[in-house]
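In what follows, a structure is listed as structure tokens, so that the remarks can point back to it.
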Amino acid sequence: MKYLLFLILSICIKATTAQVVDVRLFSNYGLTQAWISVHTNPYTLLAVGAKGVTDTLLILNQNGSSKMLHIQTHPSGLIVKAGDKNLGTFGQIDIIEQGAGGHFIIKGKGRERMYSGNITLKKRGTDLLVINRVLLEEYVAGVVESEGGHVNSYAYFCAQAVLARTWVLRNWKKHLDEGYNVKDDQTSQAYYSKAYLQNSAEILRATRATADTVLLYGDKELVFGAFHANSGGQTVSSEDYWSEPIPYLKGVQDTFSLKMEKTHWQKEIDKEKFIGFFAQQMGFSASDTNFRKAVLGFKQPTRKAWFTYQGKTLKVRAVREKFQLRSTFFNVTDAGTNVVLNGRGFGHGIGLSQEGAMRMAELGYGYKAILKHYFAGTHLGSISEIKK
């Protein structure tokens with residue numbers, strides 16, 4: 001048993017020489033329990049006891065057999081069961097792959113996902129903290145599939161891989177004080193599984209083709225690789241949404257995003273609630289006739305960052321967030337007791353438009369041209385370059 005533990009720890013140490021990323025899974029679900037099964041290569045189940053002593057509990061998938069693990073939080077730690085057998089209560093669980101090329105399936109809150117790499121489970125408060133320790137390039141491929149893998153578009157996959165890689169390296173320390181690098185939700189980047197669905201072969205090919213490639217501004221600055229679903233025909237300058245001006249995140253005309261699935265949207269809202277929000281935010285009376293006309297006549301032939309009336313302003317972002325709109329790019333129409341918002345685009349509108357990039361790829365543009373269109377003044381570089 002001690003020899004096996006030494007072997008497994010040696011494998012872990014060797015794995016850390018390659019670039020790996022620690023990703024918190026199910027980060028916005030508040031898990032208290034999870035079910036895990038492993039496939040292909042064997043995995044070793046290591047447990048850390050109350051006194052900090054690590055021991056090997058069992059080998060999963062040994063000789064082709066696999067046991068379903070059930071891990072649940074308890075006031076004294078984590079209760080671990082393999083099938084019907086209770087293995088005990090522990091402070092931490094590590095599930096370590098022996099070799100490479102395997103994967104595990106984890107289910108929590110009714111959602112089943114597939115990942116590669118290793119997994120650590122801890123108790124934090126009443127929640128189950130699940131961390132996937134995975135090779136950087138496997139993480140990048142998983143992000144590409146999660147963010148836009150439904151459309152088979154090789155050049156788009158390359159562009160998204162470069163952005164995903166650039167983003168995680170720029171934000172490497174974002175959650176280090178919490179014990180991991182990034183989350184799996186859209187507050188970081190969506191990472192809902194390894195790349196394994198219908199377009200995974202092309203995604204993996206694109207990830208390999210761009211391996212080590214990042215997007216830079218100036219000598220060695222990793223860009224803020226922002227992206228969104230659809231720009232509606234015009235992207236947004238960073239200062240118009242986030243307040244901070246970023247030189248390579250300037251609004252550009254984007255005809256590639258027109259006539260796509262998420263280009264147009266419409267929403268109907270109670271008129272008095274709509275006007276009342278503007279009035280409350282700006283310090284006007286909601287019954288002021290001229291103010292009402294200004295709100296009900298708000299149009300955007302081109303994107304606007306602000307609604308302006310008598311020298312006062314309201315950021316259109318606030319309207320989007322209040323009424324949960326798809327974008328800030330909309331026109332207002334008076335429809336009696338309601339207003340109808342006819343909008344374009346989906347998302348904050350900054351950086352790369354995913355549907356626009358897909359359209360560019362369809363028209364024959366390569367990934368370098370796609371990135372140049374959305375991130376003016378940037379250039380491609382290598383990870384090894386920025387570390388010098």
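The values are calculated or read from the model by the stated rules, or taken from the named source; none is laboratory data. Given the structure is predicted, the values throughout are model-derived calculations rather than measurements. Neighbour counts run over all protein chains shown; Cβ positions are idealised from the backbone, glycine included.
Among the residues here, Leu163 does not qualify as out of contact with any Phe, Trp or Tyr (no Cβ under 9 Å at 6 or more places or on another chain) and either of a type in the set (A, V, I, L, M, F, W, C) or surrounded by fewer than 21 Cβ atoms within 10 Å (Cβ to Cβ) (or both).
When the test is whether a residue is modelled with pLDDT under 80, over 29 Å from the mean Cα position of the chain (by Cα) and within 11 Å of Ile96 (Cβ to Cβ), Leu58 does not pass it. Looking at the stretch 216-229, can you tell me whether even one residue there is touching a helix residue (DSSP H, G or I) at 6+ places or on another chain (Cβ under 9 Å) and free of Cβ contacts under 8 Å to residues at least 12 places away in the same chain? Looking through the stretch 216-229, at least one residue is touching a helix residue (DSSP H, G or I) at 6+ places or on another chain (Cβ under 9 Å) and free of Cβ contacts under 8 Å to residues at least 12 places away in the same chain.
Yes or no, residue by residue, for (1) crowded, with 16+ Cβ neighbours inside 10 Å; (2) at pLDDT 95 or above; (3) of a type in the set (S, T, N, Q):
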residue: Arg326; (1), (2), (3): yes, yes, no
residue: Thr333; (1), (2), (3): yes, yes, yes
residue: Gly336; (1), (2), (3): no, yes, no
residue: His348; (1), (2), (3): yes, yes, no
residue: Gln354; (1), (2), (3): yes, yes, yes
residue: Met358; (1), (2), (3): yes, yes, no
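Determine whether Leu325 is in contact with an Asp or Glu (Cβ under 9 Å, 6 or more places away or on another chain), touching a residue at least 40 places away in the same chain (Cβ under 8 Å) and either farther than 20 Å from Phe224 by Cβ or assigned to a loop (DSSP other than H, G, I, E, B) (or both). So Leu325 does not fit the description; no. Tell me whether the stretch 278-298 contains one or more residues that are β-branched (Val, Ile, Thr) and touching a residue at least 40 places away in the same chain (Cβ under 8 Å). No - not one qualifying residue is present in the stretch 278-298. The condition of being in a loop (DSSP other than H, G, I, E, B), touching a Phe, Trp or Tyr at 6+ places or on another chain (Cβ under 8 Å) and surrounded by fewer than 16 Cβ atoms within 10 Å (Cβ to Cβ) holds for only one of Ser243, Ser285, that being Ser285. Is there a residue being under 18 Å from the mean Cα position of the chain (by Cα) and either part of a strand (DSSP E or B) or farther than 22 Å from Asn132 by Cβ (or both) anywhere in the stretch 198-214? Yes, the stretch 198-214 contains a residue that is under 18 Å from the mean Cα position of the chain (by Cα) and either part of a strand (DSSP E or B) or farther than 22 Å from Asn132 by Cβ (or both). Residues of the stretch 73-88 that are buried (at least 17 other Cβ atoms within 10 Å of the Cβ) and of a type outside the set (A, V, I, L, M, F, W, C): Thr73, Gly77. Of all residues in the stretch 148-197, those being more than 26 Å from Ala369 (Cα to Cα), assigned to a loop (DSSP other than H, G, I, E, B) and of a type outside the set (A, V, I, L, M, F, W, C) number 13. In the stretch 10-42, of all residues being farther than 25 Å from Lys81 by Cβ and at pLDDT below 75, the one that is surrounded by the fewest Cβ atoms within 10 Å (Cβ to Cβ) corresponds to Thr17.
For the stretch 245-265, state whether one or more residues are farther than 30 Å from Met358 by Cβ and out of contact with any Lys or Arg (no Cβ under 8 Å at 6 or more places or on another chain). No, that holds for no residue. The single condition among (1) of a type in the set (A, V, I, L, M); (2) surrounded by fewer than 17 Cβ atoms within 10 Å (Cβ to Cβ); (3) in contact with a Cys (Cβ under 7 Å, 6 or more places away or on another chain) that Ala211 does not meet is (3).
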